[in-house]
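> Have a look at the structure that comes next, please.
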Amino acid sequence: MKSPNATDYFILTFLAILWASAFFNIKIATYSYGPITIAFLRIFFGMIPLILLCYFKKIKIEAFSKDWKWFAAIGIINLVIPFFLIAYGVQKVQSNLAAILMSTTPISATILAHFFADGEKINVIKIFGIVLGFSGIVYLFSENLLINNENLFSALMILLGSTFYVIGGILTLKISNKKNENVTASILIWGAIIACPISLIIEQPWNLNPSLESTLSLIYLGIFPTGIAWLLRFMILKKNGLVFQSQVAYLIPIFGVILGFIFLNELVTPKILIALSAVVLGIYFVKKAGDKKIQSI
């Protein structure tokens with residue numbers, strides 16, 4: 001596993017901005033579309049540029065090869081389920097809060113990577129950074145203005161969605177010998193195949209009368225935070241490992257709060273700022289753990 005350099009951290013930051021922008025666009029999309037349809041169309045619009053990219057670069061797409069079960073499994077676990085859970089949760093939760101909740105990803109990523117990924121062992125400083133970052137998330141749950149009895153279940157669904165991202169990342173390591181474009185396109189194809197009939201049967205999107213704003217948000221979701229971002233994600237995952245890639249979750253809430261305030265005028269409370277401070281400190285200690293050779297525990 002290669003040590004991350006300045007370029008890797010720049011890509012990680014850009015990826016965080018792309019994913020942070022997804023949350024307020026999901027919020028806008030929920031004004032007209034149901035969560036399953038959002039998941040399907042987000043995957044569909046993300047699939048198109050990846051297929052075109054593979055075509056022009058003459059990269060074979062192996063979605064229906066002997067490894068199709070891996071692509072299908074990752075498509076379900078890494079795309080369909082979390083996209084649905086996040087869209088479901090954002091209906092009743094502020095987009096900036098959803099972005100913050102997603103920063104729980106490194107906790108489960110670090111634990112699972114310790115057992116299933118080479119070179120990703122847990123150490124003391126890494127644990128401290130993750131716990132510190134997550135303490136900010138826990139603190140948010142004491143903010144009744146943001147999380148209450150009416151949207152607690154929605155917030156928990158977003159947390160669950162972040163866990164599926166981690167599991168999907170671990171599964172991706174099973175096919176890490178394949179080209180990034182091929183992997184991304186293949187799982188998007190399977191995600192679309194799986195999500196399409198569910199959307200048609202349950203939500204019957206042909207009965208919708210969506211606004212232009214919601215539709216443009218969905219198209220953006222597909223091309224940028226899905227197609228392009230997933231390509232960057234798999235590139236980082238293969239080069240630098242699961243725990244480094246999961247650090248993007250610490251940056252997402254920072255940009256998510258900023259973008260939610262700018263585009264949706266969402267509420268930013270003192271507790272949100274305190275939580276973000278804890279997250280930023282968590283980034284520092286997790287990075288420090290990766291920079292030094294520390295005895296594993």
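> Consider a paramagnetic label point 7 Å from the Cα of Lys60 along Cα→Cβ; state which residues of region 179-202 have an amide N under 20 Å from it.
Counting only backbone N, you get 179-190.
> So, one more: Tell me the Kirkwood hydrodynamic radius of region 237-279 in angstroms, computed as one over the mean inverse distance between distinct C-alpha pairs.
Answer for region 237-279: a Kirkwood hydrodynamic radius of 11.7 Å.
> Further question on the same structure: Given the options Phe83, Phe263, Phe234, which has the most mean-square fluctuation in a GNM of the chain, springs set between C-alpha atoms less than 10 angstrom apart?
In this elastic network of the chain, the residue with the biggest mean-square fluctuation among Phe83, Phe263, Phe234 is Phe263.
> Go through Lys27/Lys66; Lys92/Lys174; Lys69/Lys179; Lys27/Lys69; Lys58/Lys174 and tell me which ones have a Cα-Cα distance over 28 Å in this structure.
Table pairs above 28 Å Cα-Cα are Lys27/Lys66; Lys92/Lys174; Lys27/Lys69.
> What percentages, rounded to whole numbers, describe P(r) for region 22-110 computed over all alpha carbon pairs with 5 Å bin width beginning at zero?
Per 5 Å bin, starting at 0, the Cα pair percentages come out as 3, 12, 18, 19, 18, 13, 11, 5, 1.
> Can you give the convex hull volume of the alpha carbon atoms of region 6-291 per residue, in Å³?
Expressed per residue, the convex hull around the Cα atoms of region 6-291 is 124 Å³.
> Note down the relative contact order for the chain as a percent, whole number, built from C-alpha pairs under 8 angstrom at least six residues apart.
Normalised by residue count, the contact order of the chain is 41 percent.
> Follow-up. Assuming a ≥ b ≥ c are the square roots of the Cα gyration tensor eigenvalues, decide whether region 76-206 counts as rounded (a/c under 1.5), prolate (otherwise, with a/b larger than b/c) or oblate.
Here region 76-206 falls in the oblate category.
> Just to confirm a number: summing +1 for Lys and Arg and -1 for Asp and Glu over residues other than Asn177 whose beta-carbon lies under 12 angstrom from that of Asn177, what do you get?
Residues near Asn177 contribute +2 overall.
> Using the Kyte-Doolittle scale, which helices in the chain average at least 0.5 and also have C-alpha atoms spread 30 Å or more along the helix axis, with helices defined as whole DSSP H runs?
For the chain, where a helix must reach 30 Å along its axis and average at least 0.5, the hits are 6-29, 35-56, 152-172, 180-202, 270-291.
> Could you give the length gained on full extension between Asn148 and Ser3, defined as 0.36 nm per residue of separation minus the Cα-Cα distance, in nm?
Extra length from Asn148 to Ser3 when fully extended: 48.0 nm.
We did not get these values from a lab; they are worked out from the coordinates using the rules stated. The structure displayed is predicted, hence computed values, not measured ones. Glycine also receives a Cβ, built like all others from the backbone with ideal geometry; neighbour counts cover every protein chain displayed.
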